[in-house]
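> Let me give you the structure first, and then I'll get to my questions.
The values are calculated or read from the model by the stated rules, or taken from the named source; none is laboratory data. Values in this document were obtained by computation on a predicted structure and should not be read as measured data. Note that each Cβ is placed from the backbone with ideal geometry, even for glycine, and that neighbours are counted across all protein chains shown.
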Amino acid sequence: MSDGRAEIESGVDGLRAAVGVDGVAVLTIDRPEKRNAVTLAMWRALPGLLGGLAHDPRVRVLMLTGSGGTFSAGADIAELLHVYGDPERADAYHATNVAAEEALAAFPRPTIAAIAGACVGGGCQLAVACDLRLADSGARLGITPAKLGVVYPAVPAARLVRLVGPARAKYLLFSADLVSADRAAQFGLVDEVVADGGLAERALAFARTIAGRSPQTLGAVKDVVNAVAAGADPQAAIEPWERRSRYSPDVREGLAAFVERRQPVFPPLG
């Protein structure tokens, strides 16, 4: 998915980032030999990498994916054996893990997880932190701390409940079973299932569609929807965008493009 895109230094092995002229940044979990298991160094690097992409004016949409036909098998189990040997290390690991998830959830542009193969544990945690999830029909998703005796942190557990509801969150977390892409779509864990072999093309096309929409509108929508999901005040979330819109060229460009029967060309957010 990163063909023809300008590579961005990630600062860590196992993560690749690239951005294209289409406004789509592709962040790839890249440890195919380990089924894209996420190391502690990768968890630590994610907030800074996401912060850099958030401030890059070229980026209008962020797509998260995995290399080698797998999204991510989750946290690196070999590291967890070491981490859980000491309570302080375990607490620090959870804090780092949650900070990475929160950075992804707070990313100011629309985010899409393009899921192929296994999307398990910490990998599913990252996918849930994205705004939308597209999955290959052969994908398998699950959250597996109950198999390991790990107490799943409150932040990702609450995010999962908001996404799929209490009963289905319990189903996933109690069973620790992997579910098919179709079952995940029934749960609301996946937004669209793509026929085998078409995920990369469909995900990029969808990301490009969103990248062509008004950044002002998208930012306002994201903040309002997130406020509603979190039980916060949606009016307070939208007020900064309403003030911004008085001086924004987006509405003028959108209306002019409609009248002139052309695609609008929206400027990046200032």
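> Kindly list the number of the only condition in (1) surrounded by fewer than 17 Cβ atoms within 10 Å (Cβ to Cβ); (2) not in a helix (DSSP H, G or I) that fails for Ala158.
That leaves (2) as the condition not met.
> In the range 124-139, how many are farther than 19 Å from Arg109 by Cα and surrounded by 21 or more Cβ atoms within 10 Å (Cβ to Cβ)?
4
> Return only the number of the condition from (1) surrounded by fewer than 16 Cβ atoms within 10 Å (Cβ to Cβ); (2) under 21 Å from Leu134 (Cβ atoms); (3) in the same structural domain as Val155 (by TED's automatic domain parsing) that Lys170 does not satisfy.
Every condition holds for Lys170 apart from (2).
> Of all the helices (runs of 4 or more DSSP H) wholly in the range 186-270, which have at least 3 residues that are in contact with a strand residue (DSSP E or B) (Cβ under 9 Å, 6 or more places away or on another chain) and not charged (D, E, K, R)?
199-211
Residues are listed down the side, and each one gets a yes or a no for (1) surrounded by fewer than 16 Cβ atoms within 10 Å (Cβ to Cβ); (2) in contact with a His (Cβ under 6 Å, 6 or more places away or on another chain); (3) among the hydroxyl-bearing types (Ser, Thr, Tyr):
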| residue | (1), (2), (3) |
| --- | --- |
| Val24 | no, no, no |
| Leu49 | no, no, no |
| His55 | yes, no, no |
| Ser72 | no, no, yes |
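> Using beta carbons and a limit of 6 Å, which pairs, at least six apart or on different chains, have the first residue in the range 177-189 and crowded, with 18+ Cβ neighbours inside 10 Å and the second one hydroxyl-bearing (Ser, Thr, Tyr)?
Ala181/Ser137
> Report yes if Val38 is crowded, with 18+ Cβ neighbours inside 10 Å, closer than 19 Å to Arg109 by Cα and either under 15 Å from the mean Cα position of the chain (by Cα) or of a type outside the set (Ser, Thr, Tyr) (or both), otherwise no.
Taking the combined requirement at face value, the residue does not satisfy it.
> Taking strands (runs of 3 or more DSSP E) that fall entirely within the range 1-49, which contain at least 3 residues that are under 15 Å from Ser72 (Cβ atoms) and assigned by TED's automatic domain parsing to the domain that holds Leu81?
24-29
> While we're looking at this one, here's another question. Can you confirm whether the range 82-101 contains a residue that is at pLDDT 95 or above, under 19 Å from Arg133 (Cα atoms) and either buried (at least 19 other Cβ atoms within 10 Å of the Cβ) or not small (Gly, Ala, Ser) (or both)?
yes
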